[in-house]
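What follows is a short report on a single structure.
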Amino acid sequence: MTESKVFNQNFNKKFSNKLTNLIHDFDNVSGGEGERNIIKIVDLDGVNINIKAFKIPNIINQIAYKLFRKSKAERSFEYANKLISLKVGTPKPIAYFEYKTAFLLKKSFYVSEQLDCDLTYRELITNFDYPDYDNILRTFTRFTFELHEKGIHFLDHSPGNTLIKKQKNTYKFYLVDLNRMNFGNLDFETRIKNFSRLSKYKFMVEVMSDEYAKCIGEDYNKVFSLMWQETQDFRAKLTRKRELKSKLKL
């Protein structure tokens, strides 16, 4: 099995060697969270780093990632650098590692600086009394509009994938779980569908529709009608998927 690795240039050789050794010994590093992908947070030479070990793909994807497609780790690294170049918040990328055979991708890792945040979007769907709730939700909606204006289509725009930090009287947003993104002009339907995973609560969709309509210069009813329909369609699809999984287990 061969190893390939790419580092950002602002890390010296000593740090890079220590990180490489850490990846080699990843299974013995304490801590870790996640069911499919494992995340471990480690202090390395005073830098708090976040190491994401991707689950080894099924055999078809092992072939695809080796021969035809970039791995999730490589895409995460490239997309993080692209987001930063577009002045969009994301934890600073450090490196990615891949372990391959002649025809298969096996293990892969994405490494970034650990970012401590005040909350994630998920808090907004679990605590409706969170301080400054309406302002955070509206500011997040404007952030999503800015992503769209910059041609960023974040396919995993879901509750756990936006970290939020309060900075004085405003909020800064950081995207994580970056391996699924498209870049280019987004039409109206694609923009609105991008909200479908974020909340099942109608009042939240109403607030986001109101703010996005102001940003895009469209009629509120038009925005809300489509956003709510896309949200319901996504939830229905999710329910069918869970029911099918449950039946297959039985």
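The table that follows gives values for the structure above.
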| read-out | value |
| --- | --- |
| Residues within segment 100-137 that are buried (at least 18 other Cβ atoms within 10 Å of the Cβ) and either within 20 Å of Ala73 (Cα to Cα) or among the basic types (Lys, Arg) (or both), tallied | 9 |
| Hits in segment 15-45 (condition: closer than 17 Å to Glu113 by Cα, without any contact (Cβ under 8 Å) to a residue 24 or more places away in the chain and not β-branched (Val, Ile, Thr)) | Asn17, Gly31, Gly32, Glu33, Lys40, Asp43 |
| Hey, Ala73 touching a helix residue (DSSP H, G or I) at 6+ places or on another chain (Cβ under 7 Å), closer than 15 Å to Lys107 by Cβ and surrounded by 15 or more Cβ atoms within 10 Å (Cβ to Cβ) or not | no |
| Index of the failed condition, Tyr220 passing every other in (1) within 20 Å of Asn135 (Cβ to Cβ); (2) modelled with pLDDT under 95 | (2) |
| Failed item, numbered, when Leu186 is tested on (1) part of a loop (DSSP other than H, G, I, E, B); (2) under 25 Å from Leu119 (Cα atoms) | (2) |
| When residues of segment 150-174 are limited to those that are under 12 Å from the mean Cα position of the chain (by Cα) and more than 22 Å from Tyr65 (Cβ to Cβ), the one surrounded by the fewest Cβ atoms within 10 Å (Cβ to Cβ) | Gly160 |
| Top-ranked residue in segment 32-48 [being more than 21 Å from the chain's Cα centre (by Cα) and more than 14 Å from Ala95 (Cα to Cα); ranked as surrounded by the fewest Cβ atoms within 10 Å (Cβ to Cβ)] | Gly46 |
| Number of positions in segment 133-168 that are among the small types (Gly, Ala, Ser) and part of a helix (DSSP H, G or I) | 1 |
| Unmet requirement for Ile136, which otherwise passes all of (1) farther than 29 Å from Leu44 by Cα; (2) of a type in the set (Val, Ile, Thr); (3) in contact with an Asp or Glu (Cβ under 7 Å, 6 or more places away or on another chain) | (3) |
| Candidates Tyr79, Tyr65, Tyr130, filtered to the one that is part of a helix (DSSP H, G or I), farther than 24 Å from His24 by Cα and either modelled with pLDDT of 95 or more or more than 17 Å from the chain's Cα centre (by Cα) (or both) | Tyr79 |
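The values are calculated or read from the model by the stated rules, or taken from the named source; none is laboratory data. The model shown is predicted, which means the values in this text are computed figures rather than measured ones. Cβ coordinates were reconstructed from backbone atoms using ideal geometry, including for glycine residues, and neighbour counts include every protein chain displayed.
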